[in-house]
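Chemist: What follows is a single structure, and I will ask about it in a moment.
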Amino acid sequence: MSCCGRIRAIVAQIPDVGPAELPSPAHRPSDILFEYVGRTSLTVRGPVTGTVYRFQRKGSRVSVRTRDALAIAAVPNLRRVRLP
């Protein structure tokens, strides 16, 4: 299975839940910041930690655990934010 197919399979396993059910992960200094550039909203579950990351709208920024960052970077419409 190709890399993109594996990511799609992971994303397909995320249950449909409302934002009130998704606690925002606490930020850690080692976390990596991602910004959503899509048009709607996006929910992604980190394949390593199982943490659910919710991007509410275009421009939403969410801190992602370092162990999930490689897989999250492969999700379309998510871009890593480089801080100065």
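Chemist: Restricting the search to the range 55-65, which residues are surrounded by 14 or more Cβ atoms within 10 Å (Cβ to Cβ) and either among the aromatic types (Phe, Trp, Tyr) or within 16 Å of residue 30 (Cα to Cα) (or both)?
Modeler: Answer for the range 55-65, where residues must be surrounded by 14 or more Cβ atoms within 10 Å (Cβ to Cβ) and either among the aromatic types (Phe, Trp, Tyr) or within 16 Å of residue 30 (Cα to Cα) (or both): 55, 62, 63, 64, 65.
Chemist: Continuing with this model, one more query. Being hydroxyl-bearing (Ser, Thr, Tyr) and in contact with a Ser or Thr (Cβ under 6 Å, 6 or more places away or on another chain) is the filter; apply it to the range 11-51 and report the residue that is modelled with the highest pLDDT.
Modeler: Ranking the candidates gives 36 first.
Chemist: Report every pair of residues separated by at least 6 positions or lying on different chains whose Cβ atoms are under 9 Å apart, first residue within the range 55-84 and closer than 10 Å to residue 32 by Cα, second of a type outside the set (Val, Ile, Thr) and assigned to a helix (DSSP H, G or I).
Modeler: What qualifies is 64/73; 80/69; 80/73.
The values are calculated or read from the model by the stated rules, or taken from the named source; none is laboratory data. Since the model is a prediction, treat every value here as computed from it, not as a measurement. Glycine also receives a Cβ, built like all others from the backbone with ideal geometry; neighbour counts cover every protein chain displayed.
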